Every structure is written in structure tokens, then in C-alpha cells.
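Everything on this sheet refers to the single structure shown next.
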Amino acid sequence: QKGGHKHFMIKEIFEQPKVISDCLAGRIDTNKCEVVLPEIAEMEPPERLHIIACGTSYHAGLWGKNLIEQWAKIPVDVEIASEFRYRDPILSKGSLALAISQSGETADTLAGIKLAKQKGLQILGLCNVVGSSVARESDYIMYTQAGPEISVASTKAMCSQLTALLLLALYWGRRKGTIDDETYNRAVKDLRNIPSILDAELPAMRSRAKELCREYSEASSFFYLGRGLCFPLALEGALKLKEISYIHAEGYAAGEMKHGPIALIDPNFPTFALALKDDLFPKVKSNLVEVQARGGEIIALTNPGVELDVEHRWILPEVWGPLNAFMALPALQLFAYETADYLGKDVDQPRNLAKSVTVE
Ligand code: F6R
């Protein structure tokens, strides 16, 4: 059942290359190099998008917002479903609600869908479980096609959600004519190569995670820092660590550190940084210098050729632009997994958690 793996979580982390391929299947016309989304072909690109989700799915939504705004020029609000459902949100005609849920049974997300419907919005569901409540309540449904996710901590589902959100951003961007051809073609072409790159890379990533986790397994707290597209990944890295290893972790926008949290830094409070080679790298680097000045130790996910003087550089292969998320996400998951396993925690069934949260 676990395919020779010790836990479902590690099995599911290693399934991610296939998950990306499966999510792309039938959604890229390989002859024309075009994204085709038959599920939403009848729908006009929305004027505004309200993403509603919880937990890991919410983090995927935050990531997707960046690309949908950048490429499709659609303003996007991303809301935690349990907050959205008890507000009186202003939802204008022409807006679309996008409900993201692996299980399709999360009570708060379902309540958010109901509220959006009452206010006259159409619903697009992004779901993994076929025929789930979210799928049934949605006007349009896109399946993430990740296969059953057994481990309580969500891993491959997020990977598939990122893939689907990227496709949505490309698709709407193309339909609206807001994305330039060069970006579009590059994204479609390189996306198709990600599964084989990731597949080749995962074993080395796992070894690196094993090595590093031993050094930091005694830590009682961790910061996870990132900017831009890496900020939602920092949130997700922190969530994974806390839910399965029970080590306190906070995900922060790197630039927000100096507004308070940096007071916590000391030699026993390590930082896990996302310092990839992107436009924001110089900014992240200067935030990390501030951490070091307070005696904080740093593990940094980074790319070849990046100059960064920290305790531990974790070099990931460099891929194109936003596709770097498909390398960084498994690294974060593996670090959490190896830490929890090293500490002897019940990785697949963490305390106090259920796979799908069907009550408020
Ligand atoms: C974290 C995790 C949860 C879920 C959240 C939403 O690893 O699994 O945070 O992401 O409960 O669940 P879905 O996506 O099923 O609505």
C-alpha cells in the first residue's frame, strides 16, 4: 500500500512528478503548445476572483494570486474560508469564487461557497476528490487529478493545486491577451519538463533534508521566510513542520521581520529561508543579514551560483521563474518529513488532526 515506503507522506511526496504530469494530462495541446481547459471553456474570464480555502489549499491560493494577477490581470482576493463565511464581503457581479479543496469536504470552504452563491456569484471548484461536496456545489469543476492522498499532512495535493492554478493563469491570460507570447510559450514548454527534473532530483533532496534535520531537531522554534511567490511557500513550510513534528514554526514575509518578529531571533532560533535566484533575491539577502546580525542560524534554499553566506545552503536546480515552486515545495515537505520521522512522531496521523475537517 505504501509502495515500499515507511509512510504515506513520503510516498506522496515522491509521487509529485507524476502528479504534475497527471494534472497536465489533456490540458496542454502538445501540437499547438496551448493550454486547453475544457472544464471552463464556456466561461468568460472573470473580472475579479475570490479564492476561498483553508490550510494548505489557502497557501496554494496565495501563490496562485500572484500569477493570475500578473498574467491574466484579474484582481484576486484570497481568503481563509472560516473568515470569509462570517464577513459580509462585497462581491460584485462578474466576480467568480474559486474554492480550493483537496478533500472537497471542508466545512468552512463549503460554507464560503454557499455565501458566495447567495450573493450571486458563480463557483469554480478546484478539487481532488471526484464527486465531493465542493465538486457538487460548484458551477464549474476542475479536478487536480492527484490521486488519493492518505497522509493527513497535504503534500501532493498542493503540488497539483499549484499546477492547476498556473494553468488557469496562463489560460485566462491568453484568452484576455494580457500575457506576452514569450512568457506563455516558455511557461508551457518548461512546465512539461518539470516532472522529469523533479523525479531526478528528489532522492538528493531527501538526503539533504535528512542531513539538515538532524542538526536542528532540537530547535523549539523556526522561522520560515520568503518574499513574493516564495512567501506562500514559507507559510506552507512552517505549517508542515509544526503539524507533523510539533516544532513551533512561523512563516513570515521576509520584509516583515523587522516589524516585530526579529526580536525573537537568537542562536537557538533558526531560520529556514527561501532565497532563490529571482528578482527579490537581493531583498531577501539583506533580510537574512539582519537575522545573522542577531546571531540567528540559517538554512537557505537557493540556486547554483547564488552568493549567500549562511550556515547551510541547500542548492536546488534552477528552473524558469514561477516553476521554481515545484522544486522548493518538495524540499520544504521533505525537511518537515525527515524531522518528524527522526523525532519518532506519528507522521501520517499527527495528533489532534483529521484528514478532512468536516465540522467547524
Ligand atoms: C495541512 C492540511 C490542511 C488542509 C486543510 C484544507 O497539511 O492538510 O491544512 O489543507 O484542512 O483541506 P482541504 O484542502 O481538503 O479543503
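In a simple Cβ point-charge model (Lys, Arg +1; Asp, Glu -1; nothing else charged), the chain has a dipole of about 380 debye relative to its Cα centre.
Just so you know, the averaged projected area of the alpha carbon convex hull for the chain sits at 17.4 nm². Round to the nearest 0.05 the FRET efficiency obtained for GLU34 and ALA200 when R0 = 45 Å and r is the Cβ-Cβ distance. Efficiency computed from Cβ-Cβ geometry: 0.95. Averaging Cα coordinates gives a centre for region 150-174 and one for region 11-69; these two points are 5 Å apart.
Using a simple spin-label model with pseudo-atoms 7 Å out from Cα toward Cβ, VAL306 and LYS73 lie 3.1 nm apart.
Set the Förster radius R0 to 25 Å, insert the Cβ-Cβ distance between GLU256 and GLN1 as r into 1/(1 + (r/R0)^6), and round the FRET efficiency to 0.05. Efficiency, rounded to the nearest 0.05: 0.05.
Label separation (ARG186 vs ARG351): 4.8 nm, computed from points 7 Å beyond Cα along the C-beta direction.
Counting only DSSP beta bridges whose two residues both lie in the chain, roughly 5 percent are antiparallel. Going by alpha carbons, how many degrees (0 to 90, nearest 10) lie between the helix axis of 181-216 and the longest principal axis of the chain? Compared with the principal axis, the helix lies near 30 degrees.
This model, with +1 at the C-beta of Lys and Arg and -1 at the C-beta of Asp and Glu, gives region 282-334 a dipole about its Cα centre of some 120 debye.
Tell me which chymotrypsin sites (Phe, Trp or Tyr not before Pro) from region 176-271 have a DSSP coil assignment and no more than 16 other beta carbons within 10 Å of their own. Qualifying residues, ordered by number: TYR246. Need one word for region 253-345: rounded, prolate or oblate. Basis is the Cα gyration tensor (sqrt eigenvalues a ≥ b ≥ c); a/c below 1.5 gives rounded, then a/b vs b/c decides. Oblate, since a/c reaches 1.5 and b/c is not below a/b. The slack in the chain from TYR342 to SER21, taken as 0.36 nm per residue of separation less the alpha-carbon distance, amounts to 112.5 nm.
Can you bin region 189-255 into rounded, prolate or oblate? Criterion: square roots of the alpha carbon gyration tensor eigenvalues sorted a ≥ b ≥ c, rounded for a/c under 1.5, prolate for a/b above b/c, oblate for the rest. Taking the square roots of the gyration eigenvalues as a ≥ b ≥ c, region 189-255 is oblate. Taking the Cβ-Cβ separation of TRP320 and ILE150 as r and a Förster radius of 22 Å, what is the calculated FRET efficiency to the nearest 0.05? Result of the calculation: an efficiency of 0.10. Distance from the Cα centroid of region 275-304 to that of region 92-114 is 36 Å (rounded to whole angstrom). Solvent-accessible surface of protein heavy atoms, probed at 1.4 angstrom with all chains present, puts GLU311, GLU47 in the order GLU47, GLU311, largest first. Distance between the modelled labels on TYR246 and LYS283, one decimal in nanometres: 3.8 nm (7 Å Cα→Cβ projection). Computed over the chain, the per-residue total of -39500 (n - 2.57) for DSSP H runs of n ≥ 4 gives a 222 nm mean residue ellipticity of -14500 deg cm²/dmol, rounded to 500.
Rolling a 1.4 Å probe across all protein chains gives ASP309 an accessible area of roughly 130 Å².
Counting only lysines at least 8 places from LYS283 when in the same chain, those with an alpha carbon closer than 22 Å to its own are LYS65, LYS258. Placing a label point 7 Å from the Cα of GLU360 along the Cα-to-Cβ direction, the residues of region 112-141 with a backbone N closer than 15 Å are 112-115.
The values are calculated or read from the model by the stated rules, or taken from the named source; none is laboratory data. Just so we're clear, the structure is a prediction, and the values are computed from it rather than from any experiment. Quick reminder, even Gly has a Cβ in these numbers, built from the backbone with ideal geometry, and neighbours come from all protein chains shown. Keep in mind that these areas ignore ligands, DNA and RNA; they rest on the heavy atoms of the full protein, side chains included. Shrake-Rupley method; radii C 1.70, N 1.55, O 1.52, S 1.80 Å.
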